[in-house]
Every structure is written in C-alpha cells, then in structure tokens.
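This report concerns only the one structure given below.
We did not get these values from a lab; they are worked out from the coordinates using the rules stated. All of these numbers come straight from a predicted model, not from anything done at the bench. Here the Cβ is made from the backbone with ideal geometry for all residues, glycine too, and neighbour counts use every protein chain on show.
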Amino acid sequence: MDTQHALAAFAALSQETRLRIVRLLVTAGPAGLAAGAVAEAVGASSSTVSFHLSHLERAGLIASRREARSIIYSAAYPALSALIGFLMHDCCQGHPEVCGPSVAISCLPSKDKAHV
C-alpha cells in the first residue's frame with residue numbers, strides 16, 4: 001500500500017460511524033451483512049449508512065455484492081491487512097520481539113480484547 005492509499009483509508013476511518021461499520025463488517029466475516037442490517041446495527045438511517053458505505057467502498061476498505069434484492073457489504077480483508085502492514089512496515093527494524101505482541105493482540109477473540 002502506498003502513502004496516498006493509506007491516507008484515503010485513514011480518512012475514511014476517521015469518522016465514528018464509518019469506523020463502527022468497518023468493525024461490524026470485520027466481525028460479520030466474509031458473508032457480510034445487508035445494508036439494512038448494517039443500518040440497524042449502528043443505529044443510523046438507511047440514507048446515512050448508504051453515504052458511509054459508499055465512502056468506505058471508494059476507499060477500498062469494504063466490498064459490495066448484490067444478492068437477490070439486497071446489497072451485501074463485507075470487509076475487504078486484503079485492504080485492511082495492507083493498511084495494518086503499512087503501519088507496521090518498519091516497526092521491528094531487525095527486532096521481531098517488538099512487533100510480536102501487537103500481532104498477537106490483533107488475533108485474540110473479542111472477549112479477550114479491550115475495546116477502544
């Protein structure tokens with residue numbers, strides 16, 4: 001991931017509703033969620049969620065697909081991984097023990113993590 005893509009992704013995530021949507025879709029897994037379910041889960045109107053979903057999709061952080069009459073949204077795991085990789089690229093500088101705890105924490109089940 002280059003700097004411009006990272007900036008676009010961080011800009012998309014810098015709004016509370018969009019960050020909540022991404023976290024919700026990451027939790028939902030590859031099956032994703034219908035737009036209406038996303039709106040209900042984040043407590044926002046359909047039009048508001050549609051705006052935020054479009055913004056996240058343009059940033060490449062989520063993907064959409066049509067299933068019958070619904071649009072299903074899911075996290076774009078490769079893009080999210082690339083964003084994390086962008087942040088962590090030079091973290092250990094030859095000392096992998098520095099980054100090890102960060103990687104281990106990101107893989108814990110949610111009940112074991114402190115939510116920010």
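Considering only the other residues whose Cβ falls under 12 Å of the Cβ of Leu24, what net charge follows from Lys and Arg at +1 and Asp and Glu at -1? List each step's numbers first, then the result.
On the way: positive: Arg18, Arg20, Arg23; negative: Glu40.
That works out to +2.
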(message) Give me the one-decimal nm value for the distance between modelled label points at Ile71 and Ala8, 7 Å along each residue's Cα-to-Cβ direction.
(response) 1.8 nm
(request) Between beta-carbons, use under 15 Å as the cut-off and find the net charge around Ala12, counting Lys and Arg +1, Asp and Glu -1. (result) +2
